[in-house]
Amino acid sequence: MHEDSNVRKPAILFLCLGNICRSPLAEGAARAAFAAAGIEAALDSAGTGDWHVGHPPDRRAMAEARRRGVDISDLRARQLRPSDFVDFDLILAADDTNLHDARALRPAGATAELRLMLDLVPGRAGESVADPYYGDDGGFAATWDDVSAVAAALVAASG
Ligand code: 4NP
């Protein structure tokens, strides 16, 4: 079997509300998991809202990622845009509100599949990744656990 260079690497966008907590953690966990597996993927994250555009991740998210050995400090928030629906194969929303808002922006001719992040994790379909923004630091540990399960499922499906 020869390697088919026409097979595009998977392009996956992680989506939440502000793009400073859940989706940058998901992007960081996925970057680490794909790199560890030696699988190339185009990974990015975005928010449905525009309040934090250009900002680095929340300091609590950066600290949690660092505790798990992943540096997400170079990520900058951006807002979901219609072209994302053709540029990515898969858009993974953190919660039902993100999913609903993304559906409203989905343009005619969109090719990306739109799902909840935890739909990929056995036994957790339909669940949301809880928003840790207004909680204490412990919420970010739970977020990391959720998004690393998503990252592991993505790698397992891509291998
Ligand atoms: P995220 O968390 O959607 O996981 O990035 C939030 C970040 C900011 C806000 C809400 C949630 N905010 O209201 O500014």
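Mind listing whichever residues of region 95-124 are open to solvent by 30 Å² or more (accessible area, probe 1.4 Å), assigned to a loop (DSSP other than H, G, I, E, B) and within 13 Å of Asp84 (Cβ to Cβ)?
Keep residues of region 95-124 that are open to solvent by 30 Å² or more (accessible area, probe 1.4 Å), which gives 96-97, 100-101, 103-109, 111, 113, 115, 119-120, 122-124.
Among the residues that remain, those that are also assigned to a loop (DSSP other than H, G, I, E, B) are: 106-109, 111, 122-124.
Listed by number, the residues that qualify are Arg106, Pro107, Gly109, Thr111.
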Selection from region 61-94 of residues surrounded by fewer than 22 Cβ atoms within 10 Å (Cβ to Cβ), within 17 Å of Arg106 (Cα to Cα) and small (Gly, Ala, Ser) yields Ser83
From Ala11, Ala94, Ala29, residue being in contact with a Leu (Cβ under 7 Å, 6 or more places away or on another chain) and either within 15 Å of the ligand (Cβ to nearest atom) or not polar (S, T, N, Q) (or both): Ala94
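Residues are listed down the side, and each one gets a yes or a no for (1) among the polar types (S, T, N, Q); (2) outside any loop (DSSP other than H, G, I, E, B); (3) in contact (Cβ under 8 Å) with a residue 40 or more places away in the chain:
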position: Ala30; (1), (2), (3): no, yes, yes
position: Ala35; (1), (2), (3): no, yes, no
position: Gly49; (1), (2), (3): no, no, no
position: Ala65; (1), (2), (3): no, yes, yes
position: Val70; (1), (2), (3): no, no, yes
position: Arg81; (1), (2), (3): no, no, no
Matching residues in region 51-60 - criterion: being open to solvent by 60 Å² or more (accessible area, probe 1.4 Å) and assigned to a helix (DSSP H, G or I): Arg59
Taking into account only those residues within region 22-38 that are open to solvent by 10 Å² or more (accessible area, probe 1.4 Å) and within 22 Å of Leu114 (Cα to Cα), which is farthest from the chain's Cα centre (by Cα)? Ala33
Do you know which residues across region 129-159 are surrounded by fewer than 19 Cβ atoms within 10 Å (Cβ to Cβ) and in a loop (DSSP other than H, G, I, E, B)? Ala130, Asp131, Tyr133, Tyr134, Gly135, Asp136, Asp137, Gly159
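The values are calculated or read from the model by the stated rules, or taken from the named source; none is laboratory data. Note that this is a predicted model, so its numbers are computed, not measured. Every residue, glycine as well, gets a Cβ built from its backbone with ideal geometry; the counts of neighbours run over all protein chains shown. Accessible surface is based on the protein model in full, side chains and every heavy atom, while ligands, DNA and RNA are left aside. Shrake-Rupley method; radii C 1.70, N 1.55, O 1.52, S 1.80 Å.
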